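Everything below concerns the one structure shown next.
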Amino acid sequence: MAASISGSCTCYPSVGVALARGTRRSRTTAIRSSFAPCSPASSKPSTPRIGSKWPELQGARDWDGLLSPLDVALRGELVRYGEFVRAAYASFDGGAAPSYGSCMFPSRSLLRRAGLPETGYQVTRLLHAASTSAPAWLMSLPCSSSSYIGYVAVCDDVDEIERLGRRDVVVAFRGTATCGEWLDNFKSSLTRLRPLSGEDEEEDEDPMVEAGFWRLFTAPGEAHGSLQQQVRDEVRRIIHEYGGKGMPPLSITITGHSLGAALAVLSAYEITTAAARSNDDDAAPPMVTAVSFGGPRVGNEAFRRRLEESGGKVLRVVNSDDIVTKVPGFRVDDDCGGEPAKRNKARVLPRWLVQKMGWAYSDVGSELRLSSQDSAPNVNVVASHDLDLYLKLVAASACEDYIRQ
């Protein structure tokens, strides 16, 4: 579940700025999209002012009325967050040992060297995940049991904070890159989550998540704690430093592609449930939003309910031609999304049998569904999952009707 890495620059349609200025829709703007650094742009593309609209764009009303057609400002934000994910890919060292699996760039210059020179954000922590050890027959390939998988960045630019209407924290995750991560991807059975403090343990269904994703999220590495602990500690530190009275509002946006999308959902779950358990009454918890590109299913219906009840917001950007978004397991959530007739038609096994076999998954959050068939009808299975294609489809949605009801 990884992006194919392209070394060429792509010209995306304008991300709504031309429309905001009253110019023609056909105008295009070159947006940095290569994993290798591009030549410096003559100027930074303008972005619309968000201001007080930011809670709505972050999912305060579950993106009601913003997805079809896609809101101009939201479209720009989705592309912007996708570029943060691209930087996580670009900074991953996929070369030979001993540096394989590490971050190629120091934190201070990571975004600039990964092709994002003017974000207004500063990386505050690199994130690592410990994956399953590769079997002996794979040892001839570059492998790492613990690898750099993303980063945390805080908006520290006064002008960008004013434009966004708050101080934003980005947690960005790349997709699958190592042998061990591929092995964890295929552990598609569901594992139970521990009940939260004070939670009724007599629910009809226990919250469960995909075992491989959960292991990757919770397993400690030799040189660091688990990814779960790293995210929890850094978010707590940032809230302590930047939250409270007299400070700009604080938002936490977790974004990822493929495996990284699954980790983004788990991170949103961790942050929101930890906030619900906290007894800190001095400051309201920040708004937590996960933006998922080409993400697989993560958990069952009870997991979805628990995440929603804790206040976490999830927006899944889905290419209808991407097989990764349709796995693992079978979707069985009758009360969530879509028309009942369509859901029942898609189900090929009885609900009780799917649950008994441990294949009962649920799609989390709201969905922005795109299709590559109109723009690239001959795209193969691998290319349909590519992060570049996702960002092209999001950006192009202003000009052509890629959105499907």
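SER99 to ALA284: extension gain in nm, 0.36 nm per residue of separation minus the Cα-Cα distance? Numbers along the way, then the final one.
On the way: separation 185, 0.36 × 185 = 66.60 nm, distance 4.13 nm.
Taking SER99 through ALA284 to full extension adds about 62.5 nm, to one decimal.
Find out how many positive minus negative residues lie around ALA261, taking Lys and Arg as positive, Asp and Glu as negative, among other residues whose Cβ is under 13 Å from that of ALA261. Walk me through the numbers on the way to the answer.
Values: positive: ARG174, ARG297, ARG316; negative: GLU210, ASP322, ASP363, GLU367.
Charge balance in the 13 Å sphere: -1.
How much length is gained on full extension from ARG112 to GLU162, taking 0.36 nm per residue of separation minus their Cα-Cα distance?
Values: separation 50, 0.36 × 50 = 18.00 nm, distance 2.15 nm.
Length gained between ARG112 and GLU162: 15.8 nm.
With every protein chain left in place, what is the accessible area of ARG167 in Å² (1.4 Å probe, nearest 10)?
30
Going by accessible area, probe 1.4 Å, with all protein chains left in place, what is the ranking of GLU301, GLU241, largest first?
Details: GLU301 15, GLU241 95 Å².
The most accessible residue leads, giving GLU241, GLU301.
Under a 5 Å amide H to amide H cut-off, with H placed in plane at 1.01 Å, what residues pair with ALA290 once short-range neighbours are removed?
ILE254, LYS313, VAL314, LEU315
How do TRP359, TRP54, TRP63 rank by accessible surface area computed with a 1.4 Å probe, from largest to smallest?
On the way: TRP359 95, TRP54 35, TRP63 10 Å².
Descending order: TRP359, TRP54, TRP63.
Take GLU83, GLU118, GLU205 and sort them by solvent-accessible surface of the protein heavy atoms, 1.4 Å probe, largest at the top. Please report the intermediate quantities before stating the final value.
Details: GLU83 15, GLU118 105, GLU205 40 Å².
The ordering from most to least exposed comes out as GLU118, GLU205, GLU83.
Between LEU196 and GLN229, how high is the FRET efficiency from 1/(1 + (r/R0)^6) when r is the Cβ-Cβ distance and R₀ = 25 Å? Nearest 0.05. Before the final figure, lay out each step's value.
Details: r = 17 Å, r/R0 = 0.70.
Plugging the Cβ-Cβ distance into 1/(1 + (r/R0)^6) gives 0.90.
Scan around VAL327 for amide H atoms under 5 Å from its own, H built in the peptide plane at 1.01 Å from N, and keep only partners 5 or more places away or cross-chain.
The answer is ARG297.
The values are calculated or read from the model by the stated rules, or taken from the named source; none is laboratory data. Quick caveat, the model's predicted, so the values are computed rather than measured. Here Cβ is always computed from backbone atoms with ideal geometry, including for glycine, and neighbour counts include all displayed protein chains. The area values use the complete protein model at the heavy-atom level, side chains included, leaving out ligands, DNA and RNA. Shrake-Rupley method; radii C 1.70, N 1.55, O 1.52, S 1.80 Å.
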